[in-house]
Amino acid sequence: MNEVTITVNGVPETHQVEPRMLLVHFLRELCGLTGTNVGCDTTQCGCCTVHLDGRAVKSCTLLAVQADGSEVATIEGLGTSDRLHPMQESFREHHALQCGYCTSGMVMQGIDVVRSGIGHDERAVREALEGNLCRCTGYQNIVDAIMDVARNAPDSCGDGSVR
Amino acid sequence: MNLPDFKYERPQNLDAALELLRGNPQARVLAGGQTLIPALKQRLDRPSVLIDLRAIAELRGIEVSSTHVSVGAMTRHAEIAAHADIGMAIPALRHLASGIAHPQVRNMGTIGGSIANNDPAADYPAAVVGLDATVETTKRRIPADAFFTGLFETALEPEELVLRVHFRVPRRAGYHKIANQASGYVTVGCFIAAFDGQIRVAVNGAGPCVFRQADFEAALRANWSPDAIRDLKQDPATMNEDMHASKRYRAHLVAVAAARALNMAAGGLEMEKA
């Protein structure tokens, strides 16, 4: 077992883990943060997208021990049901979800897109969602939701200098 | 999916990493993990220990001069894709990096990991061969033409690590891949670079390992134009074949990818992106 400390949504989380534990299981099982979903478990669907030191990564393809000493942001760190993050609000506004399974990953990736400064370019936004699969919406409303935040509340996603 | 059990080490410098590797054939080096972790999930390998290179400062950093672009082995694809000076020196290299897999993978995956793995469907091997790069390791400097030796095989020895990749800055270069729609992996790709007195054409995805297309190089040396390669045919015999593309189809795509890479090299990059 290895002792790992990961700052999750600003709170240091220290746990004993097997080196083979994936970050997504660290978040769900040890931190109790089940908003990050496991979809395909093969680096394709993007449901498990979180931010590692400010950039979107797939937590099913990262070991918890790799993130030792790093900062991780998950969907739970964004807002509350009373005060949604602008990206969550925009997803609601644009009806950018149906079943919701991909949504936490989509929102985290959407924030990375706006933060990277490409949120005004529809083609770039669509390309940046290549690693996030949605089987309900056909993506149109997700793209609209992300571009809306890029236009109206880009500062809510931080700046591109985070790394 | 549970991974097989292993130990984890995060050495703080190169000497410590090499010490961990020494006499330990079951040790595996972990760079970005975007291939290794999926491979472990599938039980394609059972390492005793993963040696994570992420803390080693010597493996980082990008240097751009008028003649070379030098990239540390642990440089993430996203860093190259976002690097303005690389975009000026070798736009095709930046273009290649920005098209690898998808953003989340580009935020983790590294150039050293990609070339050491040498997946036939990877992008970087085409740039390394096309740009006549030199791979600097902990033991020696290996020219690109000698580095990639076969399917998932390289000239690297068991206790040898990639330190940096030194790309030559060409006069012009272009890269185009025809990717599998679902996976994004390269079905066939082509990197073309023109140096003073030399044209290099590297083809990836098509065969078991990246290769140089000598007849295309000769034709383009004589006539730097799409007309020169339009009627050249690749022999299907040496092509890969899988459920996505037959040998004959891949052979056809070599010429298609080459023509498009040439278009970019000839100045069509902006057109391509617009």
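The values are calculated or read from the model by the stated rules, or taken from the named source; none is laboratory data. Since this is a predicted model, take the numbers as computed values, not measurements. Cβ placement follows ideal geometry from the backbone for every residue including glycine, while neighbour counts extend to all protein chains displayed.
Filter the stretch B:6-20 down to the residues that are within 11 Å of chain A (Cβ to nearest Cβ) and touching a helix residue (DSSP H, G or I) at 6+ places or on another chain (Cβ under 9 Å), then identify the one that is nearest to B:Arg106 (Cα to Cα).
Across the stretch B:6-20, the extreme among qualifying residues is B:Arg10.
As an exercise: evaluate B:Ala255 against (1) modelled with pLDDT under 90; (2) within 24 Å of B:Leu131 (Cβ to Cβ); (3) aliphatic (A, V, I, L, M) and give the number of the one condition it does not meet. Going through the list (1) modelled with pLDDT under 90; (2) within 24 Å of B:Leu131 (Cβ to Cβ); (3) aliphatic (A, V, I, L, M), B:Ala255 breaks only (1).
Here B:Gly72 meets the list (1) within 14 Å of chain A (Cβ to nearest Cβ); (2) surrounded by 21 or more Cβ atoms within 10 Å (Cβ to Cβ) almost entirely, failing just condition (1).
The number of residues in the stretch B:21-45 being away from chain A (no Cβ under 11 Å) and assigned to a loop (DSSP other than H, G, I, E, B) comes to 8.
On the stretch given as the stretch A:22-39, residues that are of a type outside the set (Ser, Thr, Tyr) and without any contact (Cβ under 8 Å) to a residue 12 or more places away in the chain total 3. For first residues located in the stretch A:121-136 and more than 18 Å from B:Asn180 (Cβ to Cβ) and not assigned by TED's automatic domain parsing to the domain that holds A:Ala150, partners that are β-branched (Val, Ile, Thr) and in a helix (DSSP H, G or I) and lie 6+ apart or on another chain with Cβ distances below 6 Å do not occur. When every residue of the stretch A:86-108 is checked against the conditions, none turns out to be in contact (Cβ under 8 Å) with a residue 60 or more places away in the chain and either surrounded by fewer than 16 Cβ atoms within 10 Å (Cβ to Cβ) or basic (Lys, Arg) (or both). Scanning the stretch B:96-146 for residues that are away from chain A (no Cβ under 13 Å), over 12 Å from the mean Cα position of the chain (by Cα), free of Cβ contacts under 8 Å to residues at least 40 places away in the same chain and assigned to a helix (DSSP H, G or I) yields a count of 1. Scanning the stretch A:51-104 for residues that are within 14 Å of chain B (Cβ to nearest Cβ) and small (Gly, Ala, Ser) turns up A:Gly54, A:Ala56, A:Ser59, A:Ala64, A:Ala67, A:Gly69, A:Ser70, A:Ala73, A:Ser104. The listed residues are A:Val149, A:Val113, A:Val143, and the only one of them that is in contact with a Gly (Cβ under 6 Å, 6 or more places away or on another chain) and either over 30 Å from A:Glu3 (Cα atoms) or in a helix (DSSP H, G or I) (or both) turns out to be A:Val113.
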